[in-house]
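K.L.:
Sharing a structure, written as structure tokens. Questions coming.
The values are calculated or read from the model by the stated rules, or taken from the named source; none is laboratory data. Every value quoted in this text rests on a predicted model; they were computed, and no experiment measured them. Positions of Cβ are backbone-derived with ideal geometry, glycine not excepted, and every protein chain shown enters the neighbour counts.
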Amino acid sequence: MSIEFFLDGKPVTAEAGQTIMDVARANGINIPGLCGEKRISKTTSCFVCVVKDKKTGKFLPSCSAMPARGQEIEVTTPEVLDMRRTALNLLLSEHNGDCEAPCTLACPAHAAVEEYVRAAGNGNFEEALKIIKERIPMPITVGRVCPRFCEKQCRRNIDGEPVAINEFKRLAADMCYDSFMEELPELTGKSVAVVGGGPAGISAAYYLRRMGIKPVIFEKMPAAGGMTRYGIPEYRLPKALLDKEISHFVKMGIEFIYGRELGKDLQLDELQKDFDAVIIAIGCWQASGMRCEGEELALAGIDFLRNVVENGCVAPNPGKLLVIGGGNTAMDCLRTGIRLGSPDVTCIYRRTEAEMPAEKIEIHEAKEEGVKFQFLTAPVKLEKRDGKLILTCQQMVPGEPDASGRRKPVPQPGSEFEIAADTVIAAIGQKTAAPAGLPVDRYGCLAVKEDKVTISERLYSAGDCVSGAATVVEALASGRSAALAAAKDLLGISIAPDNPINVSRGRWQELSRDEIVVLRDDLSREPREKLDFISVEERKSTFKEVTATISQEKLAREGKRCIECSCSDKNECKLRQFAGEAGCKTDAYSGIRQSASYDVRHPQIIQDRGKCIKCGVCVKICKEVVNKSLLSLQKRGFASCIGTAFDQGFPDSCRECGECIKACPTGALDWRKKR
């Protein structure tokens with residue numbers, strides 16, 4: 001016998017035995033729920049499916065509540081949604097697990113690190129490249145020049161060295177790039193002008209084309225690549241490989257127009273007339289000064305590097321060389337000076353070595369090649385005297401921490417001294433040379449809205465001209481964001497958030513060895529594979545690439561060092577899905593979380609109690625569906641948990657079943673093997 005009642009004011013009909021949730025879903029209203037399972041008796045433990053009886057004011061779990069004739073049920077009112085959000089936030093407050101591995105969370109592009117490491121480690125390089133290119137359109141470049149944000153947060157740091165993640169990108173790209181091509185949709189008729197052919201502009205164009213929008217890149221230089229071409233030396237990124245990478249974008253149908261500079265022979269108003277939208281990605285090409293007397297006598301670091309590239313790595317010997325600065329550009333200038341034959345190359349830096357922003361490997365390799373470092377030294381004046389450049393410097397001492405967290409260098413009175421040189425290079429930093437008419441912020445970067453890419457209607461920006469000088473992978477991520485924003489406006493498509501809700505157990509510095517759960521049986525305890533470097537003498541006399549791409553054999557061994565510490569249920573986890581849809585926050589409620597606790601005694605099943613929300617579904621599945629009683633809720637209060645009788649662990653026969661694993665909404669029960 002059917003009855004009629006109301007859902008959000010709409011009359012609906014319920015058949016005998018149907019719950020409010022059943023009727024709602026039958027009428028296209030999706031009520032979330034974590035503990036509902038058709039094969040078992042009602043559990044009503046999560047309260048995520050709550051609805052409200054308008055007449056009584058009571059909140060009801062819709063997975064078990066049966067409707068009454070004429071009843072008025074509120075399903076999607078702000079009050080009901082807020083109640084569900086509260087229930088989810090409370091569950092998250094005790095949830096102690098990982099959605100993504102810290103390597104993926106650390107990557108500015110949010111590449112699926114664990115997945116491509118697994119694919120390449122298993123020898124499936126084409127699949128690895130496909131995964132990589134979802135977030136990193138320039139893997140040949142990034143595989144060589146990335147500062148490895150991911151490796152710094154790799155949990156193998158806790159017992160040695162991180163997995164050599166970057167080498168997986170490099171080998172997959174080197175092996176498969178010639179034959180690889182993305183599946184491309186038909187063009188929609190929409191077009192976007194992208195101003196700037198560096199990483200951010202190329203990335204924006206790449207994702208636009210993948211969404212069916214025609215991109216045209218306008219680049220002021222005679223070749224594309226931006227700072228990857230004109231700012232990164234040949235020994236780090238051979239330009240023949242960069243050309244190979246850029247040719248792929250041409251094959252995709254992306255058009256490049258060279259020799260056109262915004263504000264000179266390219267006008268914004270004309271672009272806005274000719275295209276449906278414009279993305280500005282002009283980079284940071286203006287060098288910062290040393291802020292001292294005579295600074296005009298110094299060469300700008302980016303100009304020095306560009307000159308070397310444009311002249312095919314043939315440039316005059318700079319003689320005795322001083323480079324002012326401590327970042328990666330400074331390291332590139334120093335090491336380039338060595339290769340041009342300079343007999344004496346010195347880095348002048350006003351802080352300590354520990355505070356240098358350059359990558360440690362860059363500093364180490366510079367020292368190997370003969371670069372000298374003079375720390376806690378700041379330039380005061382540069383002048384020309386008797387055919388030489390004379391740099392007056394002052395000794396510094398570390399003071400109190402500044403806004404960057406580093407100790408501010410304080411001048412030491414009476415400590416001035418002079419250094420003679422033939423060439424002085426200022427590699428202090430770079431800034432945006434914004435064309436007239438574009439809004440800028442207080443730092444001179446292009447001013448954008450809260451989404452970090454939108455300037456105004458159908459005008460967007462990306463890369464270094466928004467953020468200030470950053471890394472290639474950060475520029476690629478920014479270009480993607482600009483493309484998604486443009487596609488959303490032009491095509492009216494809904495863009496899923498780049499960063500779904502992520503529960504994290506903590507990065508490796510915050511954990512003990514006992515808190516690192518091993519999710520694979522063949523985890524290697526071998527040390528990190530070493531790269532093959534050319535000899536130091538060859539490095540000092542040639543622009544040949546410093547290291548060779550790692551071999552397949554080494555990479556296979558390195559792949560076995562990955563812990564695979566993300567949640568294997570991360571893409572299907574209902575708690576993550578519903579919490580993200582509800583706008584929940586993992587830190588909405590503070591307090592002590594359940595301690596990490598794992599049962600890995602079974603050869604194929606892992607129980608991660610930190611992820612368990614105590615919904616009880618697994619207990620009932622085992623009892624009511626499998627006709628076993630292996631699981632039960634144990635202990636009381638905050639310490640309660642799901643476990644086996646007498647803590648004997650899962651019997652071997654469970655490998656043939658797995659029904660509890662299928663029903664678990666959070667991945668607290670799962671198969672150990674991800675491969």
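K.L.:
Of the residues Gly387, Gly370, which is assigned by TED's automatic domain parsing to the domain that holds Ser342, over 34 Å from the mean Cα position of the chain (by Cα) and modelled with pLDDT under 95?
P.N.:
Answer to the selection: Gly387.
K.L.:
Please enumerate the residues belonging to the stretch 46-64 that are at negative phi, buried (at least 18 other Cβ atoms within 10 Å of the Cβ) and not basic (Lys, Arg).
P.N.:
Those that are at negative phi, buried (at least 18 other Cβ atoms within 10 Å of the Cβ) and not basic (Lys, Arg): Cys46, Val48, Cys49, Val50, Val51, Phe59, Leu60, Pro61, Ser62, Cys63.
K.L.:
Let me ask you something else. Out of the residues in the stretch 254-291 meeting the condition of being at pLDDT below 95 and small (Gly, Ala, Ser), tell me which one is surrounded by the most Cβ atoms within 10 Å (Cβ to Cβ).
P.N.:
Per the stated criteria, the residue is Ala287.
Quick grid of which residues meet (1) farther than 30 Å from Ile31 by Cα; (2) part of a loop (DSSP other than H, G, I, E, B):
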{"position": "Arg505", "(1), (2)": "no, yes"}
{"position": "Asp521", "(1), (2)": "yes, yes"}
{"position": "Arg576", "(1), (2)": "no, no"}
{"position": "Gly583", "(1), (2)": "no, yes"}
{"position": "Gln594", "(1), (2)": "no, yes"}
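K.L.:
Select from the stretch 444-488 the residues that are buried (at least 22 other Cβ atoms within 10 Å of the Cβ) and at positive phi and list them in ascending order.
P.N.:
The one that is buried (at least 22 other Cβ atoms within 10 Å of the Cβ) and at positive phi: Gly463.
K.L.:
Moving on to the next point. Test of understanding: among Thr77, Thr56, Thr86, which residue is within 25 Å of Met1 (Cβ to Cβ) and at pLDDT 95 or above?
P.N.:
Sole residue among the options that is within 25 Å of Met1 (Cβ to Cβ) and at pLDDT 95 or above: Thr56.
K.L.:
Could you list all residues from the stretch 347-382 that are outside any loop (DSSP other than H, G, I, E, B), of a type outside the set (Asp, Glu) and surrounded by fewer than 16 Cβ atoms within 10 Å (Cβ to Cβ)?
P.N.:
Ala354, Lys360, Ile361, His364, Lys367, Lys372, Gln374
K.L.:
Name the single residue that is surrounded by the fewest Cβ atoms within 10 Å (Cβ to Cβ) among those in the stretch 398-443 being closer than 30 Å to Gln272 by Cα and polar (S, T, N, Q).
P.N.:
Once the filter is applied, the top-ranked residue is Gln430.
K.L.:
Among the strands (runs of 3 or more DSSP E) confined wholly to the stretch 212-319, which include 1 or more residues that are among the charged types (D, E, K, R), assigned by TED's automatic domain parsing to the domain that holds Ala447 and in contact (Cβ under 8 Å) with a residue 12 or more places away in the chain?
P.N.:
214-219, 255-258
K.L.:
Check off (1) on the phi > 0 side of the Ramachandran plot; (2) among the hydrophobic types (A, V, I, L, M, F, W, C); (3) at pLDDT 95 or above for Leu297 and give me the number that stays unchecked.
P.N.:
Unmet condition: (1).
K.L.:
Could you list all residues from the stretch 271-323 that are hydrophobic (A, V, I, L, M, F, W, C) and over 35 Å from the mean Cα position of the chain (by Cα)?
P.N.:
Answer for the stretch 271-323, where residues must be hydrophobic (A, V, I, L, M, F, W, C) and over 35 Å from the mean Cα position of the chain (by Cα): Cys292, Leu297, Ala298, Val314, Ala315, Leu321, Leu322.
K.L.:
Separate question: Listed residues Thr13, Thr56, Thr44; which is free of Cβ contacts under 8 Å to residues at least 24 places away in the same chain, of a type in the set (Val, Ile, Thr) and not in a loop (DSSP other than H, G, I, E, B)?
P.N.:
Among Thr13, Thr56, Thr44, only Thr13 is free of Cβ contacts under 8 Å to residues at least 24 places away in the same chain, of a type in the set (Val, Ile, Thr) and not in a loop (DSSP other than H, G, I, E, B).
K.L.:
In the stretch 110-148, which residue that is touching a Pro at 6+ places or on another chain (Cβ under 9 Å) and over 22 Å from Lys554 (Cβ atoms) is surrounded by the most Cβ atoms within 10 Å (Cβ to Cβ)?
P.N.:
So, considering only residues that are touching a Pro at 6+ places or on another chain (Cβ under 9 Å) and over 22 Å from Lys554 (Cβ atoms), the one surrounded by the most Cβ atoms within 10 Å (Cβ to Cβ) is Met138.
K.L.:
Between Ile621, Ile550, Ile642, Ile613, which is in a strand (DSSP E or B), of a type in the set (Val, Ile, Thr) and crowded, with 19+ Cβ neighbours inside 10 Å?
P.N.:
The unique qualifying residue is Ile642.
K.L.:
Cys565 is checked against (1) outside any helix (DSSP H, G or I); (2) at pLDDT 90 or above; (3) under 25 Å from Arg155 (Cβ atoms) and fails just one. What number does that condition carry?
P.N.:
Status for Cys565: all satisfied but (2).
K.L.:
Hey, another quick one. With a cut-off of at least 2 residues that are under 30 Å from the mean Cα position of the chain (by Cα) and touching a residue at least 24 places away in the same chain (Cβ under 8 Å), name the strands (runs of 3 or more DSSP E) lying wholly within the stretch 408-474.
P.N.:
By residue number, 454-456, 459-461.
K.L.:
For residues that are buried (at least 18 other Cβ atoms within 10 Å of the Cβ) and either touching an Asp or Glu at 6+ places or on another chain (Cβ under 7 Å) or more than 30 Å from Ser45 (Cα to Cα) (or both), tally how many sit in the stretch 75-109.
P.N.:
Summing the residues that are buried (at least 18 other Cβ atoms within 10 Å of the Cβ) and either touching an Asp or Glu at 6+ places or on another chain (Cβ under 7 Å) or more than 30 Å from Ser45 (Cα to Cα) (or both) in the stretch 75-109 gives 12.
K.L.:
I'm checking my understanding of the structure. Among residues of the stretch 149-165 that are aliphatic (A, V, I, L, M) and modelled with pLDDT of 95 or more, which one is surrounded by the most Cβ atoms within 10 Å (Cβ to Cβ)?
P.N.:
By that ranking, first place goes to Val163.
K.L.:
Can you find a residue in the stretch 179-190 that is surrounded by fewer than 23 Cβ atoms within 10 Å (Cβ to Cβ), over 14 Å from Ala475 (Cα atoms) and touching a Ser or Thr at 6+ places or on another chain (Cβ under 9 Å)?
P.N.:
No.
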